1. Looking at this structure, is residue 23 more than 16 Å from the ligand (Cβ to nearest atom) and crowded, with 16+ Cβ neighbours inside 10 Å?
2. Pairs needed: first member in region 111-126, farther than 13 Å from residue 89 by Cβ and free of Cβ contacts under 8 Å to residues at least 24 places away in the same chain; second member anywhere, within 13 Å of the ligand (Cβ to nearest atom) and in a strand (DSSP E or B); C-beta distance under 8 Å; at least 6 residues apart or different chains.
3. Residue 173: touching a helix residue (DSSP H, G or I) at 6+ places or on another chain (Cβ under 8 Å), within 16 Å of the ligand (Cβ to nearest atom) and closer than 25 Å to residue 290 by Cα, yes or no?
4. I'd like to check something: does region 135-154 contain any residue that is assigned to a helix (DSSP H, G or I) and away from the ligand (no atom under 16 Å from the Cβ)?
5. Report whether or not residue 163 is in contact with a strand residue (DSSP E or B) (Cβ under 8 Å, 6 or more places away or on another chain) and under 19 Å from residue 221 (Cα atoms).
6. Of the conditions (1) touching a helix residue (DSSP H, G or I) at 6+ places or on another chain (Cβ under 9 Å); (2) under 25 Å from residue 318 (Cα atoms), residue 98 fails just one. Which one is it?
7. Looking for whichever is out of contact with any helix residue (DSSP H, G or I) (no Cβ under 8 Å at 6 or more places or on another chain) and either touching a residue at least 60 places away in the same chain (Cβ under 8 Å) or assigned to a helix (DSSP H, G or I) (or both) here; the options are 188, 165. Which one fits?
8. Working carefully through the options 232, 198, find the one that is in contact with a helix residue (DSSP H, G or I) (Cβ under 8 Å, 6 or more places away or on another chain), on the phi > 0 side of the Ramachandran plot, part of a loop (DSSP other than H, G, I, E, B) and touching a residue at least 40 places away in the same chain (Cβ under 8 Å).
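The values are calculated or read from the model by the stated rules, or taken from the named source; none is laboratory data. Keep in mind the model is a prediction, meaning the values are calculated, not measured. Counting neighbours? That spans all protein chains shown, and the Cβs are built from the backbone with ideal geometry, glycine included.
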Ligand code: CP
């Protein structure tokens, strides 16, 4: 929200309401999200669908700093930075001085001293990216690549772009988000983005032990049985059981979870015939999704990964573009 006196209470926006960091989908306007999606679309070559290489970040340095494991997010940020012609530094946290007790902020400040212009950060603690954004120099941008169970905004927006490519009108959509919602930063970021884009039928499905309280407050419809919730939906999003964030036994077994909540062929037949199946990855086949559904005709799981490159190019180029504009004005 922008204040009448030009201040903003959203730390990812400058006083003009433009992105300077990218920390959360919560608080982003429809216009900002649409601008990010449109920018991402513009990187696709219309003739063959390839992603163009552009010089937008030439001379800039991007550091990928991942304190948690990642395949898709880290690699797509790296590919995206290279497609924008940036120099890329990937910090291997397992062999970095973090293991000798260096603090998060000292690590970031040392990398910043190497003239890094942008950090993409994944951290097991909620709020880590926000904390870093408070400590970097004014010309440096921070992109949240997933913090604890809090937010994963680039995943949510690549999911929105994937949905938009198949179903352009969010207002008419029914979207089912299924599984471990309690520990899911992806679900939280998706719900904010879907609501902002006008989606009114967001169905959240999972066992009671994996559903946060008060989900209805976020404008969602909550179900603990999967079959009735899938009736007539346009989009099905399966989520992984995030065992690394579970401290108690919250489900009887993975086999039981698959029986009650796994997306299988007979269940997806309850949705609209042209419904799409999504998963942010990593997928656990036979736990939240059957292999034939993950690989089936309705699955757009690998398209999500491809779209992720363009979406991350958009986020990085918009943040650093806004920085340059502000520097040019001062
Ligand atoms: N979707 C996602 O965040 O995957 P990774 O953990 O592989 O980055």
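1. Against the criterion (more than 16 Å from the ligand (Cβ to nearest atom) and crowded, with 16+ Cβ neighbours inside 10 Å), residue 23 does not qualify.
2. Listed by first residue and then by second, the contacts come to 125/147.
3. No; evaluated as a whole, the condition is false for this residue.
4. Looking through region 135-154, at least one residue is assigned to a helix (DSSP H, G or I) and away from the ligand (no atom under 16 Å from the Cβ).
5. no
6. Exception for residue 98: condition (2).
7. On inspection, the qualifying residue turns out to be 188.
8. Only one candidate passes the filter, namely 198.
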